[in-house]
Amino acid sequence: MAERGSVLVIGGGIGGIQAALDLAESGYHAYLLESAPSIGGIMAMLDKTFPTNDCSMCILSPKLVEAGQHPNIDILSYSELEKIEGKPGDFRVTINRKARRVDEELCTGCGSCSEVCVLEGRIPDEFNMGLSKRSAIYVPFAQAVPRLALVDPNECLLVTKGKCKSPCLKACQIGAIKFDQKDRTEALDVGAIVIASGAKAHDIADLRSYHPEHPNVVSALEMERIMCASGPYAGRVQKPSDGKHAKKIAFIQCAGSRDEKHNPYCSSVCCTYAVKEATVIKEHDPDIDCHIFHIDMRTFGKGFEQFKNRAADEYGIHFTRFKVPMVEVAGPDALSIKYQDADGSWKTGEYDIVVLSVGLNPPALDALQAAGVELDEYGFVKTEVSTPIDTTVEGILVCGSASGPKDIPETVAQASGAAARCGALLAGSRGSEVTKKEYPDEIELDGKEPRVGVFVCSCGKNIGGVVDVAAVTDYAKGLSCVAYAESNIYTCSGESCDRIKEAIAEHDLNRVVVAACTPRTHEPLFRETIREAGLNR
């Protein structure tokens, strides 16, 4: 049988997204499979990226929107891989599409249903690591792609007990909520498969000596959400226990890693992400004391060691080479660490927050194992040093942390490599299953007076914390030739891009100015957005 011109990409994190985009742009159809309700993965939860401390979502969001709008990418979110059959060039994969209990064709992600839910503000929000609350029906996060609501089947009172008057049904004016929706099984025929399922952070619950039950003992991902401008505390570094401002923060490296009881291997990213979190915290408030306890600092990578040295020399972050065996609770809101300093003396420090820099664990890969994909001794996909993206099954490639812990740049590089390998394997079917994107006719200006639309982004508080976005927007409204101006929380989100297109039509705009993050990452997105509305790029 002839090879097929489509590829299944397993995992909707940054690696999977990059692989899908490369494939789609190269003439192949990509099915992007993600178990979560939205693509984005762990990167969507991060505040900044090392070693440049650039805004994580500012880098990721344009890729989310591009993947969501690309005609040759089908996003299969809230879905699980069940089975792989067939051979290279002609695989058949079985997918379980879990019931959102919301019609994907009708839902606009407006959030009206969440606002009236009787459990609004009562269910721990997974995206914020349980530090905030959500409703039983909800949109995962502001920039979610696809931007669709879903019903939590374990929390919704109507689903679990049949006892709810369902105000969400009345709030949803287009009737998108379907409580009787069931899981369904789909089969796809693809020519190749890319495993980009990433890794999962080690659960701190089994690190009993560090008192993970204490609200001020947090995982590194929890700290990301604490210090993120769009997080539960709007970027204010505070203690989860009482909401008071934190003054002293300790980072314990290799928590659950390089440890025979838990994971014996080094997870490679933990040292540098701890340095990043400490420097970002110091940027939020230079008076916060940050102390990193480590076995040794493995900050390998371009510019990583300089990043660590700058943290010590310029930010005043303390580094102590000592493996912390335990944390003691010194009071309702205080934590104590006893450690040996470089001079051999023993000291005790009290801290408001203790961050456990946990490593990365392999994802569940049962369906892949059943298809013959071998795993290494730790549970990651097995590869060879000379062929780092090839699995033990021809036609099934791997990238990123699915084959071992990796940082974002290495993951993206491997994703593009895996996409290129798919292209080499399926070269004979290139273009056979793609759809050419169609655009509306370009609007002729014919000497019309400029009618400029201005869209000012606050980027959570990354821009809004420094610039008076409302004042800038009001000022723009008074400028010559400006027909319309508005501010957005995240202009690069799919929802805001749709708003730009709506404004172009509603206000007869023929020029667009976007005041947001760097054009290096965002200009292609906004050029594509206005072209979809009929304007010249």
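Nothing in this text is a laboratory measurement; each read-out follows from the coordinates by a stated rule. Owing to the predicted nature of the structure, the values given are computational and were not obtained by experimental measurement. Neighbour counts run over all protein chains shown; Cβ positions are idealised from the backbone, glycine included.
Working ranking of peptides 414-424, 457-467, 96-106 by packing, defined as the average number of other Cβ atoms within 10 Å per residue, highest first, is 414-424, 457-467, 96-106. Taking amide H as placed 1.01 Å from N in the peptide plane, the amide H of ASP289 sits under 5 Å from that of LYS248, ILE249, each at least 5 places away or on another chain.
Of all lysines in the structure, the ones whose alpha carbon falls short of 21 Å from that of LYS87, not counting any fewer than 8 places away in one chain, are LYS382.
Taking only the Cα atoms of segment 421-537, the radius of gyration and Dmax are 17.6, 57 Å. Put a plus charge on the Cβ of each Lys and Arg, a minus charge on the Cβ of each Asp and Glu, and nothing anywhere else: the dipole of segment 112-171 about its Cα centre is then about 240 debye.
Over the chain, Cα pairs under 8 Å with separation of 6+ residues give a relative contact order of 17 percent. Database remark: amide H of ASP54 closer than 5 angstrom to the amide H of THR49 (H placed geometrically; neighbours at sequence offset of 5 or more, or on other chains; Pro and chain starts carry no H).
Only alpha carbons enter this Debye calculation for segment 127-256, each as an equal point scatterer, and the log10 of I(q)/I(0) it gives at q = 0.09, 0.14, 0.20, 0.21 Å⁻¹ is -0.45, -0.94, -1.20, -1.25. Each pair of Cα atoms in segment 72-155 enters the Kirkwood radius, and Stokes-Einstein at 37 °C and 0.692 mPa s then converts it into a translational diffusion coefficient of 224 µm²/s. Expressed to the nearest 5 percent, the antiparallel share of DSSP beta bridges inside the chain is 45 percent.
As a footprinting exposure proxy, order ILE281, ILE95 by other Cβ within 10 Å, with the fewest listed first. Write out the running numbers ahead of the final one.
Details: ILE281 25, ILE95 19.
Fewest-to-most Cβ neighbours within 10 Å comes out as ILE95, ILE281.
Phi angles of segment 29-42 translate, via the Karplus equation with coefficients 6.51, -1.76, 1.60 and θ = phi - 60°, into HN-Hα couplings of 8, 10, 9, 9, 9, 9, 6, 7, x, 9, 7, x, x, 5 Hz per residue; Gly and Pro are given as x. The packing ranking, built from the mean of other Cβ atoms within 10 Å per residue, places the peptides 330-342, 19-31 in the order 19-31, 330-342, highest first.
Dimensions of segment 204-359 based on its C-alpha atoms, expressed as ranges along the principal axes with the largest first, amount to 34, 33, 30 Å. Local charge for THR518 was computed over the other residues whose Cβ lies under 15 Å away, with Lys and Arg +1 and Asp and Glu -1, and equals +2. Each Lys and Arg contributes +1 and each Asp and Glu -1, all at the Cβ; summed about the Cα centre of the chain, the dipole is approximately 640 debye.
Which order do the peptides 229-236, 530-537, 216-223 take when ranked by the mean count of other beta-carbon atoms within 10 Å per residue, highest first? Write down the numbers at each step before the final one.
Working: 229-236: 18.9, 530-537: 16.9, 216-223: 22.9.
Top of the packing list down: 216-223, 229-236, 530-537.
Rounded to whole numbers, the Karplus 3J(HN,Hα) couplings from phi for segment 330-345 are 8, x, x, 10, 10, 10, 10, 10, 9, 9, 9, 7, 4, 7, x, 7 Hz, using 6.51 cos²θ - 1.76 cosθ + 1.60 with θ = phi - 60°, and x at Gly and Pro.
Here the residues THR94, THR52, THR299, ranked from fewest to most Cβ neighbours within 10 Å of their Cβ, fall in the order THR52, THR94, THR299. Going by neighbour counts of Cβ atoms within 10 Å, the residues ILE10, ILE408 line up, fewest first, as ILE408, ILE10. Comparing Cα centroids, segment 403-443 and segment 199-234 end up 34 angstrom apart.
Between the alpha-carbon centres of segment 254-289 and segment 450-476 there is a gap of 35 Å.
Recomputing volume of the Cα convex hull per residue in Å³ from the coordinates shown identifies the correct label among (i) 171; (ii) 157; (iii) 191 as (i).
Please compute the contact order of segment 204-359 in relative form: average sequence separation of alpha-carbon pairs under 8 Å and at least six residues apart, divided by the residue count, as a percent. Walk me through the numbers on the way to the answer.
On the way: 293 pairs, mean separation 48.8, N = 156.
Here the relative contact order equals 31 percent.
Taken as Cα centroids, segment 133-175 and segment 1-24 sit 30 Å apart, rounded to the nearest whole angstrom.
Candidate cross-link partners of LYS182 among the lysines, defined by an alpha-carbon separation under 19 Å and a same-chain spacing of 8 or more, comprise LYS98, LYS161.
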